[in-house]
Structure formats: C-alpha cells, structure tokens
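Mind looking over this structure? Questions follow.
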C-alpha cells in the first residue's frame, strides 16, 4: 500500500472515532470558536469603517485643511485662503466657469443612541449649495432642503437610524436654540450619512466661528492633483495641507485601524494560547485513549509518520471546525450591524477574508496543539502500548 493510501487510512480511522470522544474533542472546537469569533468581531469594526469611509471617496476630489490639523473639526481655514484654494489651477469648472468647490464647517452635537441609551457625538456639517454639485452622491430622499439663515438641518439616513429624536419635524439642540430637522439624505451608504447638514454661514454664526474648516474641490482629473497641490503649497501665504479625498480617508482611518488590529492581536494571542493549551491537553487525552489502536496500526505495518500525520489531521479538523463555527456566529451577529465611533455611523463588515484569517489562526493552533501528542504517538513502544488497558 502506498504512503498516501496508508496516510488516508490512518487519518480516516482517527476522524471516524471522533464521535466516541465528543466530550474531549468539543474542548478544541469551542475554544477555537471563541477565539475566532472574538477576533473576527473586533476586526469587523475596522473593515466596516474602512469600507464605509471609502464608499464615496474619489481620487479626482481633494480636501484642503489647515496645516497640522488632525481632523476636519480641528481645522481652521481663513476665508481668503478658501477663495484662493477654489480658484487654484486644476480645479474643475462648470459650464458657467464657476469652480466646482465648496467650503465646509465641522462641529459636533451630543445625542442619545437608540441601542444602548448612551450619549455619543454626531458630526454637524455646514455646507453651501455647491456641495451638492461637488458631491452628487448626496441625495435628498425625504422632506425638503434646509433654508439659509434659518435654524434648519437635514439628517443622514444612517444617523437617523442610530440616534434618538432625528425624525423629520423633530429638533436638535445646537447653539442659539433648537434646530428643526426638515429632510433626510443618503450618500452611498458611507459615513457621509452620519451627519447633520445645515447652511454653513448660519452654523458659523451660531457656533461663533469666523472661519471655515476645510475646502473640498473637484479636480479636472485625477492627474490634475499634482498641479493643484503644487500651486497651493508653493504659495507662502497659505498654511495648508492638501490631500486627495481617497488618501485623506485612508489617513483618517489609519489610526483607528491600527488600534483595532492591536486589540484583535492582543485578544487573539491571549485566547489563542488558552486554546492551544486546551488543544494540547485534548490531543494528549486522545492519544492516550487510542493507545492500543495506534499500537495495533504500527504492528501491522503502518509507519510512525502516518501516525504523526493522523494526529495532526485530527487536531486540524477540530480547530477548523471551531473556526468555521466562530466565523459563522460572528457573521450572523455582527455583519451589517450599525456602530458609532467618533461621531461616525457605519456598518460592521464580516468579510470572507476575515473568516479566512480566523481559519488560518485555527490551523496554526491546531498544528501546534497536535505536534507533541503526535510525536508521543509515533514514539510509543509497540509492545508496551499493546499491553496497555
């Protein structure tokens, strides 16, 4: 009989005996299900945030903010600088020759979340009518548009679903009183839907802010970015940072992604070590209960290597089964679920890549957990093993 045939025969015998050892085998399955479920759930935050943030980001749009500003809300851009930015070379113009660009103002408002009743901050963005030309993905789907010089706002669909009291006709507390919600908008399902939008000058006056936060521009093409950036950064009167919209989104998400990956790695390592100990104990018990069976296989001619591989196969099968269970539970519980971080509402995303990562972790734990028990099984003296009871 060939080596592969021997290998499949011995591995099959071990796998078919698993139901007889379901109590001990379940230790590996449950342990790996917990490890993979937790890691995939944590990582679904980062994949969901990145997917949502990138949904409407385009390489032929640029964002200009004050130099050194960490986020949009901390940027202060003088009005004369904003005019210079909008008139820079490389900015696309409409049929009337007007630049397709718009200044913005960003603040935040505390609101109550629907799911847990806790308070979280929601982005409030001041815009001009040009914003809808710059970002055509913004669509008013209910109600009407806000009026300038009036305390009115429209709310994103994602924010409306996540926070209490954002129905049309309701009011939100902003500086200078209550502001009425008069419409609902969508924006390709991205984090742009997690905001309140109002007239920029009205909001600036209410927040006692004289300056804009950023300027967004539509470029003539993605290739025009270098010309646009060079013209602005070479101007000594401007203290600004210029980024493609897609690059800005990636840079803003980088810190959160790094933090979540660190948390997932730490949790995965701690829980993985626990699962590894459980796998070692379980496989030692499995080898112990199969002592005579393994010795018999060795006595009739099966090589030590086939025994080693059969123990590995058993540990691997149990670990992968646990990983698939954990990944499935994480997908059912978290995929598509709305979550709020830093004033941004987005949907968690359990992707096939995350589940594959979990299965890969399980394979490593399964192989390590089966290593020493497999060596023990291969080195077991045949005569002593046959006498074991």
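Residues that are buried (at least 17 other Cβ atoms within 10 Å of the Cβ), under 23 Å from residue 69 (Cβ atoms) and under 27 Å from the mean Cα position of the chain (by Cα): does the range 108-120 have at least one?
yes
Do we have residue 265 as in the same structural domain as residue 361 (by TED's automatic domain parsing) and at negative phi here?
Yes; evaluated as a whole, the condition is true for this residue.
Take the range 203-223 and flag every residue that is in contact with a strand residue (DSSP E or B) (Cβ under 9 Å, 6 or more places away or on another chain) and either free of Cβ contacts under 8 Å to residues at least 24 places away in the same chain or surrounded by 22 or more Cβ atoms within 10 Å (Cβ to Cβ) (or both).
Correct list: 203, 212, 213, 214, 215, 216, 217, 218, 219.
For (1) over 42 Å from the mean Cα position of the chain (by Cα); (2) modelled with pLDDT of 70 or more; (3) surrounded by 21 or more Cβ atoms within 10 Å (Cβ to Cβ); (4) under 19 Å from residue 363 (Cβ atoms), each residue gets a yes or a no:
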position: 274; (1), (2), (3), (4): no, yes, no, yes
position: 286; (1), (2), (3), (4): no, no, yes, yes
position: 291; (1), (2), (3), (4): yes, no, no, no
position: 310; (1), (2), (3), (4): no, yes, yes, yes
position: 315; (1), (2), (3), (4): no, yes, yes, yes
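Within the range 185-208, is even one residue farther than 30 Å from residue 238 by Cβ and in a strand (DSSP E or B)?
The answer is yes, given that some residue of the range 185-208 is farther than 30 Å from residue 238 by Cβ and in a strand (DSSP E or B).
What is the one condition in (1) in contact (Cβ under 8 Å) with a residue 24 or more places away in the chain; (2) more than 27 Å from the chain's Cα centre (by Cα); (3) farther than 23 Å from residue 138 by Cα; (4) surrounded by fewer than 16 Cβ atoms within 10 Å (Cβ to Cβ) that residue 68 does not satisfy?
Unmet condition: (2).
For the range 53-63, indicate whether the set of residues that are part of a loop (DSSP other than H, G, I, E, B) and surrounded by fewer than 16 Cβ atoms within 10 Å (Cβ to Cβ) is non-empty.
yes
Please state which of the following conditions residue 169 fails to meet, knowing it meets all the rest: (1) within 30 Å of the chain's Cα centre (by Cα); (2) in the same structural domain as residue 88 (by TED's automatic domain parsing).
Just one mismatch for residue 169, condition (1).
Taking the criterion of being out of contact with any helix residue (DSSP H, G or I) (no Cβ under 8 Å at 6 or more places or on another chain) and farther than 17 Å from residue 89 by Cβ, would at least one residue in the range 213-233 satisfy it?
yes
Please verify whether residue 155 is surrounded by 20 or more Cβ atoms within 10 Å (Cβ to Cβ), in contact (Cβ under 8 Å) with a residue 40 or more places away in the chain, out of contact with any helix residue (DSSP H, G or I) (no Cβ under 7 Å at 6 or more places or on another chain) and within 28 Å of residue 339 (Cα to Cα), treating the condition exactly as stated.
For residue 155, the condition - surrounded by 20 or more Cβ atoms within 10 Å (Cβ to Cβ), in contact (Cβ under 8 Å) with a residue 40 or more places away in the chain, out of contact with any helix residue (DSSP H, G or I) (no Cβ under 7 Å at 6 or more places or on another chain) and within 28 Å of residue 339 (Cα to Cα) - is met.
The values are calculated or read from the model by the stated rules, or taken from the named source; none is laboratory data. Bear in mind that the values here come from a model prediction, so they are computed numbers and not experimental data. Here the Cβ is made from the backbone with ideal geometry for all residues, glycine too, and neighbour counts use every protein chain on show.
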